[in-house]
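Heads up: the structure comes next, in structure tokens.
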Amino acid sequence: MSTTTDYDVVIIGGGIHGAGIAQVFAVNRLRVLLLEHYTVASQTSSRSSKLIHGGLRYLESFQLRLVKECLREREILLRIAPELVHLVPFYIPVYDFSTRGSLTIGAGLTLYALLGGLGRHFRFRRYRRTDWTAPDGLRREGLRAVYRYFDAQTDDRQLTRAVLHSAVTHGADVEEHAEFLHAGVAGKSWRLYYRQAGREQSCRARLLVNATGPWVRQTALKIAPEAARPAAAVLPQVSLVQGAHIEVDRVTEQGIYYIESPRDRRAVFVMPWGARTLIGTTETELQAPVADPVPLAAEIDYLLHCYNHYFEPLTQTEIVNSFAGIRVLPKEKSSAFHRSRDTRLIADTHHGPGVVHVCGGKLTAYRHTAARVYRLAAPLLGAGAGSVDTSRLRLQPVE
Ligand SMILES: Cc1cc2nc3c(=O)[nH]c(=O)nc-3n(C[C@H](O)[C@H](O)[C@H](O)COP(=O)(O)OP(=O)(O)OC[C@H]3O[C@@H](n4cnc5c(N)ncnc54)[C@H](O)[C@@H]3O)c2cc1C
């Protein structure tokens, strides 16, 4: 067993949430250790749709606060990470057979612009069928209009690495291939154990942050003792929903297309990705988290069918890559599509050493979530709650 080290905060999980939380605590001069079981951003945070957006479709489920918050974060990220986050035109075609007609799309984009503060990035335009020259081979049959608006795209793995790099430059320690095993209360601290390179290691922390994404519940169960800690005993109730993407050897030049699946009317994105195109996503309920999830044959078929309904048909042979990630959603009966994308924090920062569990959330809102975790825990750590700000820290791509 290695020597024991004392930290203010130990964060379990090296996805975007762990990285953002490490950054805000490190910037505020606290001693931070982040433990990642595999490698940084190897799980959900490299398997998303890579959009930094308010989420136009969340207006349908009235998640107005979330949309507003994410649009504010989008603007911050465009400013502090211009090499990593960039605006992209989005196109929404409206057909005779579309569920969401011109009125709905126009109203939605107006509300989106209002929630975004009506800045210059929020202007949208409607092309009549006759003005649309069908770039990228978008189907014209039945087309009524095409709406264009702007949102942002990133490389999620690169963004996560950049945020973590910022944390490290402010003094955070990061351990990869380090699996958190369990933690117990030792006076005013946690004593926690993790396994790295086959050896069990131990350290102490005043605050433990569970940012293990799909593993949030499993990790919470390893933090003892639940009975003595009322809030921590309320373990996160989540459901896990896989989303798949396929990458195809075809160029999409204009921007991102927001199309409606002919099977179940869900929104699906067709996105330029380098010289290729990324198509996603799906919703498949899972019983338990898995590392490196893979798309099911049915998910690939769903995405191909959707693309082929609107564009020059593709065959399986044009798929050059595919990947899947796992969403953490509230456990509810409604369809995954309509469930809240809010980040829930379950915290106990009043009984001895503190613990915060991060459940769900968006890549886009990581900075906001990290600031919320900081504000919750700052009094426990005797840190200044006012000095949180990471919205002015420039993020640079990491080689
Ligand atoms: C298909 C899909 C599309 C999405 N698209 C978007 C989008 O376009 N825009 C957007 O804003 N959001 C999007 N999201 C949401 C976003 O990707 C997630 O909210 C975000 O990546 C979650 O990050 P995380 O840090 O919580 O989890 P993760 O990235 O999964 O990180 C958790 C980490 O914890 C580690 N871990 C687990 N157990 C242990 C342990 N015992 N010890 C040490 N480490 C451990 C894991 O290895 C993992 O690396 C999407 C999500 C999915 C699934």
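When the P(r) is computed for the chain, the part past 26 Å accounts for 54% of the Cα-Cα pairs. Once backbone amide H atoms are built at 1.01 Å from N, L34 has I11, D173, V174, E175 as its partners under 5 Å, excluding neighbours fewer than 5 places away on the same chain. The stretch 85-119 and the stretch 345-399 have their alpha-carbon centroids 32 Å apart. Checking every one of the chymotrypsin sites (Phe, Trp or Tyr not before Pro) in the stretch 1-96 against DSSP loop status and a limit of 16 other Cβ atoms within 10 Å picks out Y38, F62. From a point 7 Å beyond the Cα of D96 in the direction of its Cβ, which residues of the stretch 118-139 have a backbone N at a distance under 19 Å? What the label zone holds, given the 19 Å backbone N cut-off, is 128-132, 134, 138-139.
Given R₀ = 51 Å, what would the calculated FRET efficiency be for E179 paired with A298, taking r from the Cβ atoms and rounding to 0.05? Computed FRET efficiency for E179 and A298: 0.95. The ratio of the alpha-carbon radius of gyration of the stretch 62-153 to the globular-protein estimate 2.2 N^0.38 Å is 1.19. On the basis of the beta-carbon distance and an R0 of 22 Å, S334 and V290 show a calculated FRET efficiency of 0.35. Compared with the dominant principal axis of the Cα atoms in the chain, helix 297-310 is inclined by about 40°. Can you compute the modelled spin-label distance between L111 and R263, with each label point 7 Å from Cα toward Cβ, in nm? Calculated label separation equals 2.8 nm. Distant-in-sequence amide contacts of T364, defined by a placed amide H-H separation under 5 Å and a gap of 5 or more residues or a different chain, comprise H53.
Between T104 and Q218, the simple label model (points 7 Å from Cα in the Cβ direction) yields a spacing of 3.8 nm. Each DSSP beta bridge with both residues in the chain is either parallel or antiparallel, and the antiparallel ones are about 75%. Residues in the stretch 255-273 near a label at H86, defined as backbone nitrogen under 17 Å from the 7 Å Cα→Cβ point? In the stretch 255-273, the label zone of H86 (backbone N under 17 Å from the point 7 Å along Cα→Cβ) covers 255-257, 271-273.
Loop-resident GluC sites (Glu not before Pro) (DSSP state other than H, G, I, E or B) in the stretch 250-288 with no more than 15 further Cβ atoms inside 10 Å of their Cβ: E253. Just checking the listed ones, L363, L35, L314: in the Gaussian network model of the chain with Cα springs under 10 Å, the one fluctuating most is L314. On the basis of the beta-carbon distance and an R0 of 22 Å, T169 and Y38 show a calculated FRET efficiency of 0.45.
Our compactness index for the stretch 1-112, the C-alpha radius of gyration over the empirical 2.2 N^0.38 Å, is 1.47. Spin-label pair E253-S202: with each label point 7 Å from Cα along the Cα-Cβ axis, the two points sit 6.4 nm from one another. The Cβ shell under 10 Å around D6 holds other residues with a net charge of +2, Lys and Arg each +1, Asp and Glu each -1. Given H placed 1.01 Å from N in the peptide plane, which residues other than close sequence neighbours of Y127 have an amide H under 5 Å from its amide H? Correct list: V146, Y147, R148. Charge tally for V251 (other residues, Cβ to Cβ under 14 Å; Lys, Arg +1; Asp, Glu -1): -4. Enumerate by residue number the trypsin sites (Lys or Arg not before Pro) in the stretch 235-325 meeting two conditions: DSSP loop (anything except H, G, I, E, B), and at most 14 other Cβ atoms within 10 Å of the site's Cβ. Counting only loop positions with at most 14 other Cβ atoms within 10 Å, the trypsin sites (Lys or Arg not before Pro) in the stretch 235-325 are R263, R265. Computed over the stretch 239-330, the P(r) tail beyond 19 angstrom holds 37 percent of alpha carbon pairs.
Given the options D301, D155, D264, which has the most mean-square fluctuation in a GNM of the chain, springs set between C-alpha atoms less than 10 angstrom apart? Largest GNM mean-square fluctuation: D264.
Charged neighbours of G117, selected by a Cβ distance under 13 Å, balance to +2 (K, R count +1; D, E count -1). Report, in degrees rounded to the nearest 10, the 0 to 90 angle that the Cα long axis of helix 102-115 makes with the longest principal axis of the chain. Around 40 degrees separate the two axes.
Stretched out straight at 0.36 nm per residue, the stretch from K68 to T317 would grow longer than its current Cα-Cα span by 85.6 nm.
Here, each number is a calculation from the coordinates, and none is a lab measurement. This is a predicted model, so every value here is computed, not measured. Cβ: placed from backbone, ideal geometry, glycine included. Neighbour counts: every protein chain shown.
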